[in-house]
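Taking it in order: structure first as structure tokens, then the write-up.
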Amino acid sequence: MSTLAINNDINANTQSHTNHDGSSLLSQGLVEGRTPTVLTDIYQDNTNIVIWQRNLDNKLTIAVNHLLEHNPTLTLLLIVTPEDCFEVLSEKFEKSDAITALINDITLLVDMFCCLFNLKQAGLRLTILDRAMCPRFHVDRIPCRLVTTYKGMATQWLDNNIIDRSKLGAEDQGKTDEQSGLIQDIDDINQLTQGDIALLKGENWDEHEGAGLVHRSPDVSQGERRLFLTLDFIND
């Protein structure tokens, strides 16, 4: 997807939607599609999660499996730009043609993320997990985050209009999400699919207080591992 295409879609979305008050934000929902241009719908006021549904191709799958085999305890926390991302990541891994497809994919996502939000740089976290990183449903006090799971079970989330936010965090009195009353029905839990690219609006998105996407990490079965990427805003 070209920078021009992203900018054109951003302009179309921001010009065709007006701001809503706090109560209408609580009815926000999902936009999903099979092309990357769907990501520009994050600018719609009535949306707080956008999903680019995609399947990993064979080269990318091979690269992911190679990384899991050769870097089983990987945790990378980096600040990268679209211009230096490929070089920075290449320096973190032993030279191998097998890993190049993954580095190329992450570099593309960094470029798209920075273009979409007019950022010069992004905070990158790439980690291999054998347990849930954030096992409780929560909201993030950030503007927006890109998440994708290259291998394993992917992020879970809840629709705004079916949750009781008073049950989040410290108000749950030590109960599980299922016991606290936050979730009325286990079928209300939505889940991304391996390979999906998602943008999750947080509490710090403009005029979005009280409507950040409620989400959590999935359980990781014993003996399984999860390769997870996030991209975040970084102030210049």
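One line per residue, one yes/no per condition, for (1) surrounded by 15 or more Cβ atoms within 10 Å (Cβ to Cβ); (2) at pLDDT below 95; (3) in a helix (DSSP H, G or I):
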residue	(1), (2), (3)
60	yes, no, yes
69	no, yes, yes
79	no, no, no
83	no, no, no
87	no, no, yes
91	no, yes, yes
105	yes, no, yes
116	yes, no, yes
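Looking at 42, 51, which is the one that is within 14 Å of the chain's Cα centre (by Cα), assigned to a helix (DSSP H, G or I), under 16 Å from residue 145 (Cβ atoms) and in contact (Cβ under 8 Å) with a residue 12 or more places away in the chain? Lay out the reasoning, then the answer.
Values: 51 fails: assigned to a helix (DSSP H, G or I).
Exactly one of 42, 51 is within 14 Å of the chain's Cα centre (by Cα), assigned to a helix (DSSP H, G or I), under 16 Å from residue 145 (Cβ atoms) and in contact (Cβ under 8 Å) with a residue 12 or more places away in the chain, namely 42.
Any residue in region 138-148 that is among the charged types (D, E, K, R) and modelled with pLDDT under 95? Can you show your working first?
Filtering region 138-148 down to residues among the charged types (D, E, K, R) leaves 140-141, 145.
Retained after the next criterion (residues that are modelled with pLDDT under 95): 140-141.
Yes: region 138-148 contains one or more residues that are among the charged types (D, E, K, R) and modelled with pLDDT under 95.
Working carefully through the options 40, 75, 3, find the one that is modelled with pLDDT under 90 and among the polar types (S, T, N, Q). Spell out how you get there, then give the answer.
Details: 40 fails: modelled with pLDDT under 90; 75 fails: modelled with pLDDT under 90.
It is 3.
So, in region 180-220, of the ones that are touching a residue at least 60 places away in the same chain (Cβ under 8 Å) and of a type in the set (Gly, Ala, Ser), which residue ends up surrounded by the fewest Cβ atoms within 10 Å (Cβ to Cβ)?
210
Select from region 78-93 the residues that are hydroxyl-bearing (Ser, Thr, Tyr) and within 22 Å of residue 65 (Cβ to Cβ) and list them in ascending order. Give the steps one after another, and end with the answer.
Our first condition is that a residue be hydroxyl-bearing (Ser, Thr, Tyr); within region 78-93, this holds for 81, 90.
90, the sole residue that qualifies.
Can you name every residue in region 118-131 that is within 15 Å of the chain's Cα centre (by Cα) and either surrounded by fewer than 16 Cβ atoms within 10 Å (Cβ to Cβ) or not in a strand (DSSP E or B) (or both)?
Residues of region 118-131 that are within 15 Å of the chain's Cα centre (by Cα), as a first pass: 122-127.
Matches in region 118-131: 127 only.
Among the candidates 154, 211, 122, 198, single out the residue that is at pLDDT below 90 and of a type in the set (A, V, I, L, M, F, W, C). Full working, then the answer.
Details: 154 fails: at pLDDT below 90; 122 fails: at pLDDT below 90; 198 fails: at pLDDT below 90.
On inspection, the qualifying residue turns out to be 211.
The values are calculated or read from the model by the stated rules, or taken from the named source; none is laboratory data. Model, not experiment: these values are computed from the prediction. Ideal geometry is used to build each Cβ from the backbone, glycine not excepted, and the neighbour counts take in all protein chains shown.
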